[in-house]
Structure formats: structure tokens, C-alpha cells
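Provided herewith is a single structure, encoded as C-alpha cells, for subsequent inquiry.
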Amino acid sequence: MQLLDGVGTAQRIQDRIREEAAALIPQRGRAPHLAAVLVGEDPASQVYVGSKVKTCEALGFGSTLIRRNAHTSEAELLQIIRELNADPEIDGILVQLPLPKHISENAIINAIDPAKDVDGFHPVSQGNMVLGQPTYLPATPFGIQLLLAEYGIDVSGKHAVVIGRSNIVGTPMSILLSRSGTGGNATVTLTHSRTQNLKELCLQADIIVAAIGKPRFVTADMVKEGAIVIDVGINRIEDASRKSGSRLVGDVDFDAVFPKCSYITPVPKGVGPMTICGLMMNTLKAWKAGA
Ligand code: GUN
């Protein structure tokens, strides 16, 4: 079994992004610029957005972080999006999810100019993805595809079981794995909370993508010998042995599953850094398209 190293892989891909951007900055006159919008005080969201801004700095990209408190209105947020859409210095816009309950995520995502939708969440982006047309791919599934490609793992003809059907991970992951072309051509089963025979399906899987948001949900008895396991989960659980009193675990029971599989992503340092990598690839693309 081999660990799929998200940190090292993201670093290598980001070195290439930095070089590509640096070579084009003289002719473009400025660096790529990402705007991140963070509403509320959710600790995990603050960490994710902080990592995205830091990565921009490391790549020589500009970034603008717009923070608003949890009582911000939907109208105010829509106005921020409109201003970012109209700003020629901004190439990419991301609104960190989840948003407070009184704000419609759909209304906000739909307001983002698809040309700046570097998270790939807008219906136009998702529609183009389904149709196999050029677009911005959602950062997490895109990052997973980049990770598999860097390790030379070909999913063509394999049976992939995706656990979880969220708009930002499970559903787009199932589409990317099943569509024709590089990184695709897998036979995909998309499973969810109503799936009745999940264990049987998982035991048939050459690849499992766990994106259900339940700590250590995928146990060793659900995994076929030699399977590839991608763990998208980031769950904080209590751990009295830690000074902080808690630690992060994925959606996979890592210690028990690790000996059975051919490849597995750790949590943290697996899919997380690759999500940021996908976002940076999209931001570079948006900047280049705006030339
Ligand atoms: N919340 C959880 N994952 C993501 C992501 O990839 N992008 C944004 N904007 N919010 C998220």
C-alpha cells in the first residue's frame, strides 16, 4: 500500500503554476488575482480560506480576502459579488461554503460571473462539465483527478464507488470519473444515504471516493484487497490524548483500511492540499483567458 501524498504533489504542481504565471506576467502586466469571500466565523472555513490566501502568496498571485460577519444580508453579499464581477483586476471569485442559513447559497453562486467561477460551482460551469465542454472544474474532484494523474493511476474501465452526492464533491466526482477522456472512462456507482447495499457495492470497487462527512465511515470490511481509497472527509473528533482535546479524521477508518488497499490518501495532507491546487489551476486559467 502506498500513501497518495497531497502535500508533495500539490507542491510539484504549484511549482509549475508559479513558473507558468511568472513567464506570462510581463506580457499580462499583472499577476493572477483571486478574491475570497468569507461570511461568519466558522473555524474550519477560516482555516480553509487562510490556506487559499497563503497559497496565492506562495505562487506570486494577488489575493483579496473579503470578510463579513454572520449577520450580513444576502443583498449585501450579492452587491459584493456584483462588484467583484465588474472588477477587471479580479480573475477568480470564491465564496467559501457553507453560508449562514439565512443566505441562499444558490442565489450567491448563481450571481458569480461564470468567467470568474474558479470554484466551478455555477450552473453554467457544472453544465459544461456534464457536457464535457471547456469549463472550470469543481476544485476538489479536479484536485483528486490531478492527484491520480500524478501517480500514473488510470481509472479507465475500473469500478469507482463514490460515497456521497453533494453538489461540490460526490456528484461532480461521479461525472468526471465516468465521462470519456483523460481521468475518466470508469464505471461509476454514486451512493448516498438511501443506498441499501453499500457494503456489497464497496466490496466490488476498484476505487472508493468517500465524501459523506461521517468520521471513519468506511471500515476495513467494506474495502476490497488492492482497492484505491480517496478520503475527502475532514471531521474533528474528540481525543483526550491530544493537548487540543481533538484531532482530524477522514471518512475512512485509515488504520484498519490502510493495509488492505493499494493506494490511500491520508487526512490531513491528502485531498485538502489538492483542492487548493485545483483552485489555483482554475485561477491561472481564468487569468490567462482574460488576456
Ligand atoms: N466548502 C467546502 N469545500 C469548499 C470548496 O471547495 N470551495 C468553497 N468555496 N467552499 C467549500
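The values are calculated or read from the model by the stated rules, or taken from the named source; none is laboratory data. Everything numeric here is computed off the predicted structure, so don't read it as measured data. For neighbour counting, all protein chains shown are included, and Cβ atoms are generated from backbone atoms with ideal geometry for every residue, glycine included. Side chains are part of the model used for accessible areas, which takes the heavy atoms of the whole protein and leaves out ligands, DNA and RNA. Shrake-Rupley method; radii C 1.70, N 1.55, O 1.52, S 1.80 Å.
Within the stretch 171-211, count every residue that is more than 19 Å from LEU4 (Cβ to Cβ) and either open to solvent by less than 50 Å² (accessible area, probe 1.4 Å) or of a type in the set (Gly, Ala, Ser) (or both).
14
What's the number of the condition ARG28 fails, among (1) at pLDDT below 95; (2) within 13 Å of the ligand (Cβ to nearest atom)?
Checking ARG28 against (1) at pLDDT below 95; (2) within 13 Å of the ligand (Cβ to nearest atom), the one that fails is (2).
Out of ALA75, ALA23, I need the residue that is modelled with pLDDT of 95 or more, within 21 Å of ILE112 (Cβ to Cβ) and surrounded by fewer than 18 Cβ atoms within 10 Å (Cβ to Cβ). Which one?
ALA75
Let's see how each residue does on (1) at pLDDT below 95; (2) assigned to a loop (DSSP other than H, G, I, E, B); (3) farther than 17 Å from TYR263 by Cβ:
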position: LYS214; (1), (2), (3): no, yes, yes
position: ASP221; (1), (2), (3): no, no, yes
position: LYS224; (1), (2), (3): no, yes, no
position: ILE230; (1), (2), (3): no, no, no
position: ARG236; (1), (2), (3): yes, no, yes
position: LYS243; (1), (2), (3): yes, yes, yes
position: ARG247; (1), (2), (3): yes, no, yes
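Okay, residues lined up against (1) open to solvent by 60 Å² or more (accessible area, probe 1.4 Å); (2) without any contact (Cβ under 8 Å) to a residue 12 or more places away in the chain; (3) within 20 Å of the chain's Cα centre (by Cα):
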position: GLN145; (1), (2), (3): no, no, yes
position: ALA149; (1), (2), (3): yes, no, yes
position: ARG165; (1), (2), (3): yes, no, yes
position: PRO215; (1), (2), (3): yes, no, yes
position: ASP221; (1), (2), (3): yes, no, no
position: ILE234; (1), (2), (3): yes, no, yes
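Would you pick out the residues in the stretch 167-182 that are assigned to a loop (DSSP other than H, G, I, E, B) and out of contact with any helix residue (DSSP H, G or I) (no Cβ under 9 Å at 6 or more places or on another chain)?
Listed by number, the residues that qualify are SER180, GLY181.
Also: Scan the stretch 51-69 for residues that are out of contact with any Lys or Arg (no Cβ under 8 Å at 6 or more places or on another chain) and either open to solvent by 40 Å² or more (accessible area, probe 1.4 Å) or not hydrophobic (A, V, I, L, M, F, W, C) (or both) and jot them down.
SER51, LYS52, LYS54, THR55, GLU57, THR64, LEU65, ARG67, ARG68, ASN69 - these are the residues of the stretch 51-69 that are out of contact with any Lys or Arg (no Cβ under 8 Å at 6 or more places or on another chain) and either open to solvent by 40 Å² or more (accessible area, probe 1.4 Å) or not hydrophobic (A, V, I, L, M, F, W, C) (or both).
Residue-wise test of (1) β-branched (Val, Ile, Thr); (2) more than 19 Å from the chain's Cα centre (by Cα); (3) surrounded by 17 or more Cβ atoms within 10 Å (Cβ to Cβ); (4) within 13 Å of the ligand (Cβ to nearest atom).
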position	(1), (2), (3), (4)
VAL49	yes, no, yes, yes
GLN79	no, yes, no, no
GLU83	no, yes, no, no
ILE90	yes, yes, yes, no
VAL95	yes, no, yes, yes
HIS102	no, yes, no, no
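Is there any pair linking a residue in the stretch 120-137 that is of a type in the set (Asp, Glu) to one that is assigned to a helix (DSSP H, G or I), with Cβ under 9 Å and at least six apart or on different chains, and which?
The qualifying pairs do not exist here.
Moving on to the next point. Restricting to the stretch 115-131, count the residues that are away from the ligand (no atom under 13 Å from the Cβ) and either touching a Ser or Thr at 6+ places or on another chain (Cβ under 6 Å) or of a type in the set (Phe, Trp, Tyr) (or both).
2
Moving to a separate point now. Can you tell me which residues in the stretch 104-114 are among the charged types (D, E, K, R), assigned to a loop (DSSP other than H, G, I, E, B) and within 15 Å of the ligand (Cβ to nearest atom)?
none
Please go through the stretch 196-241 and give me each residue that is in contact with a His (Cβ under 6 Å, 6 or more places away or on another chain) and on the phi > 0 side of the Ramachandran plot, ordered by number.
none
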